[in-house]
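The values are calculated or read from the model by the stated rules, or taken from the named source; none is laboratory data. These numbers come from a predicted model, not from an experiment. Note that we place each Cβ from the backbone using ideal geometry, even for glycine, and neighbour counts take in every protein chain shown. Accessible surface areas use protein heavy atoms only, side chains included; no ligands, DNA or RNA. Shrake-Rupley method; radii C 1.70, N 1.55, O 1.52, S 1.80 Å.
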Amino acid sequence: MSNFDALLSSVPTGLWIDGGQSDAAGGGEFDVHDPATGDVLASVADATEPDAVRALDSACRVQREWAATAPRQRAEILRAAWQLVTDRAEDFALLMTLEMGKALPESRGEVAYGAEFLRWFSEEAPRIQGRYTTAPSGNGRILVTKAPVGPCLAITPWNFPLAMGTRKIGPALAAGCTMIVKPAEATPLTMLLLAQVFTEAGLPDGVLSVLPTSSPAEVSGPLMSDPRLRKVTFTGSTAVGRKLIEQSASQVLRVSMELGGNAPFIVFDDADVDAAVDGAMAAKMRNGGEACTAANRLIVANSVREEFTSKLTERIAAMRVGPGYEEGTQIGPLITQKQRSSVAELVEEAVASGARVRTGGAPVDGPGWFYQPTVLDDVPVESRIVAEEIFGPVAAITGFDTEDEAIAAANATEFGLAAYIYTQSLDRSLRVADALESGMVGVNRGVISDPAAPFGGVKQSGLGSEGGTEGIEEYLETKYIALES
Ligand code: NAD
């Protein structure tokens, strides 16, 4: 038995409800594929409405008790889960590479990052704060307390199969909420393994359920129309996020939305160009470009554009493409054939409207959903590739002359998640960071995510923050108690 088979045979493939596995009520299953070969890795249980109701029944049964569990105890369970994920880092990393495709070193990075949300929020659980003051009139006291919002539904994407889950599970459990996770259809295995690890860490049955499904709306719909559910937290595309916001109105659910991005990466004429190239490699090529924070538009001062573009092209052309589990791979396959076609169409349209291909520019022949690491220069600003999320290993470069022009170009999008700026001027860094319409700005760095910092977008990139001291607030209600005394 290969180490792949040994790992896959140890991962749960049933629905995870009440601390254990079970078949779906309808008995259905769906396949999970390796995007590097198209081969089937596993068949997992396919949840439908009765399973969703069973998971919510189970969450509601234990919600009150979990909320009343001492914060220190909730913290200890989260800490134990962090330890177990860390101890099994290689299993989690290989599993993510198998079902999602990213290069193994990147999966290892995600395990460390994703697990850290469990440790960070274990430290936040005992620090949930209230407030006590005398009313300004002197008539009575104002007591403000925090309470868990109640049972939550988390819907996660495939691009970071572990971290997009732990970023929600960590704060929810720390706050005293129960949670049902609906992972993406392409990558349910990582979340099922995490659920098993939580049970091993001592999490009481019912507090966390995982419902893989091939028909997401059939599971989320009944949950969101059930008055017992109190919150939906979603990471995924803006189109699906809009639908969920609409659906959340019927029960007036709390919502957290981490949606699409279209990050500008601005290189000013006073930047350290080599540092900017390093940053662009990380901001553009991390996760094969399949990241909501990915640099979607490289906006480069015309005076340094050729130097930047030729150095970046040299680095990108040298990247090794292959299955993520092969030694030396830097860029794995895209998640599906559909995703690869979407990247190919964006590139073809940009080239037809005048963009110049500096390297790459086509799918890779053979099995799997590989696309050549690509650099496009002189990309017309009206191209679709400038307006839409690429979600692939394609760097699209445009030029500018003045700072105002760069800021206007960066803000010319409905999205507002991440932005990056490269300059050696502190004044300019702060002035431009203030002017950018985005929830996060990286200054002279290409990676900004940190479990200790609030991650979130503005405009159509979302609502709310994950991580930092802000993250737990998304799972807490504020209660005011008026004291006559
Ligand atoms: P997606 O919106 O297609 O799917 C995300 C999740 O929603 C999946 O679990 C899917 O099964 C589920 N879903 C799809 N349709 C649904 C419906 N009608 N009702 C309920 N659930 C439904 O997105 P994706 O392709 O999996 O992920 C890529 C997107 O996620 C990109 O737009 C990316 O920018 C975004 N993303 C955002 C962040 C962030 O933090 N802002 C992080 C990672 C990814």
**Asked** Given a Förster distance of 56 angstrom, what is the FRET efficiency for D365 paired with E65, based on the Cβ-Cβ distance and rounded to 0.05?
**Response** 0.50
**Item:** Å² per residue, accessible surface of the stretch 88-150 at 1.4 Å
**Value:** 41 Å²
**Fill in**
Dividing the surface of the Cα convex hull of the stretch 69-115 by four yields a projected area in nm² of 3.4 nm²
**Prompt:** What is the gain in length, in nm to one decimal, between E484 and D57 on full extension, counting 0.36 nm per residue of separation less the C-alpha to C-alpha distance?
**Reply:** 149.8 nm
**Asked** Rounded to the nearest 0.05, what FRET efficiency is calculated for A89 and D401 with R0 set to 60 Å and r the Cβ-Cβ distance?
**Response** 0.80
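Using a 1.4 Å probe and counting only protein heavy atoms, arrange K459, K102, K146 so the residue with the most accessible area comes first. Kindly include the intermediate steps, with their values, before the conclusion.
On the way: K459 85, K102 10, K146 65 Å².
My answer, sorted largest first, is K459, K146, K102.
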**Complete:** Where a ≥ b ≥ c are root eigenvalues of the Cα gyration tensor, a/c under 1.5 meaning rounded, otherwise prolate if a/b exceeds b/c and oblate otherwise, the stretch 171-267 counts as oblate
**Asked** Can you give the direction-averaged projected area of the convex hull of the alpha-carbon atoms in the stretch 107-208, in nm²?
**Response** 8.2 nm²
**Message:** Over the stretch 411-485, what is the relative contact order in percent, taking alpha-carbon pairs closer than 8 angstrom and at least six residues apart?
**Reply:** 28 percent
**Item:** Theoretical ellipticity at 222 nm over the chain - DSSP helices of four or more residues, -39500 (n - 2.57) apiece, nearest 500
**Value:** -12500 deg cm²/dmol
**Complete:** The answer for the net charge of residues other than T336 whose Cβ lies under 13 angstrom from its Cβ, with Lys and Arg +1 and Asp and Glu -1, is -3
**Prompt:** Which sequence of Y480, Y420 reflects their accessible areas, 1.4 Å probe, from the largest down?
**Reply:** Y480, Y420
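Whenever you get a sec, line up F391, F117 from highest to lowest accessible area (probe 1.4 Å, protein heavy atoms).
I get F391, F117, largest accessible area first.
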**Item:** Average Cα contact separation per residue, the stretch 263-450, under 8 Å, 6 or more apart, as relative contact order %
**Value:** 29 percent
**Fill in**
Pseudo-spin-label distance A352 to T469, built 7 Å along Cα→Cβ, given in nm, is 5.3 nm
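Heavy atoms only, probe 1.4 Å: what % of the accessible area of the stretch 25-108 goes to carbon and sulfur, would you let me know?
Numbers: 1770 of 3580 Å².
Ligands and nucleic acids excluded, carbon and sulfur give 49 percent.
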**Request:** Please work out whether the stretch 293-397 counts as rounded, prolate or oblate from its C-alpha gyration tensor, where a ≥ b ≥ c are the square roots of the eigenvalues and a/c under 1.5 means rounded, while otherwise a/b larger than b/c means prolate and anything else oblate?
**Result:** oblate
**Item:** Surface/4 of the Cα convex hull for the stretch 263-450, nm²
**Value:** 10.1 nm²
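Determine, from the Cβ-Cβ distance of D427 and A318 and an R0 of 45 Å, the FRET efficiency 1/(1 + (r/R0)^6), rounded to the nearest 0.05.
Details: r = 36 Å, r/R0 = 0.80.
After rounding to 0.05, the efficiency reads 0.80.
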**Fill in**
With A112 itself left out, Lys, Arg at +1 and Asp, Glu at -1 over residues whose Cβ is under 13 Å from its Cβ give -3
**Message:** Could you compute how much accessible surface L162 exposes when probed at 1.4 Å, giving the result in Å² to the nearest 10?
**Reply:** 0 Å²
**Message:** Run the Debye formula on the Cα coordinates of the stretch 1-97, all scatterers equal and no solvent, and tell me log10 I(q)/I(0) at q = 0.20, 0.21, 0.22 1/Å.
**Reply:** -1.13, -1.15, -1.17
**Request:** Would you check the accessible area of M281, probe 1.4 Å, heavy atoms only, in square angstrom rounded to 10?
**Result:** 30 Å²
**Prompt:** Got a number for carbon plus sulfur as a percent of the stretch 263-450's accessible area, 1.4 Å probe?
**Reply:** 47 percent
**Asked** Cα centroids of the stretch 162-196 and the stretch 233-272: how far apart, whole angstrom?
**Response** 19 Å
**Request:** List the pair-distance distribution P(r) of the chain, using every Cα-Cα distance, as the percent of pairs falling in each 10 Å bin from 0 up to the bin containing the longest distance, rounded to whole percents.
**Result:** 4, 20, 29, 25, 15, 6, 1, 0
**Prompt:** In the stretch 272-358, which trypsin sites (Lys or Arg not before Pro) fall in coil by DSSP and have 16 or fewer other Cβ atoms within 10 Å?
**Reply:** R320
**Request:** Heads up, I need the accessible area for S9: 1.4 angstrom probe, whole protein in place, Å², nearest 10.
**Result:** 80 Å²
**Prompt:** Hey, what's the stretch 263-450 come to in accessible area per residue, 1.4 Å probe, Å²?
**Reply:** 40 Å²
**Asked** If contacts are Cα pairs under 8 angstrom and at least 6 residues apart, what is the relative contact order of the chain in percent?
**Response** 18 percent
**Request:** Using all C-alpha to C-alpha distances in the stretch 37-143, build P(r) with 10 Å bins and read off the rounded percent in each one.
**Result:** 12, 22, 28, 23, 8, 5, 2, 0
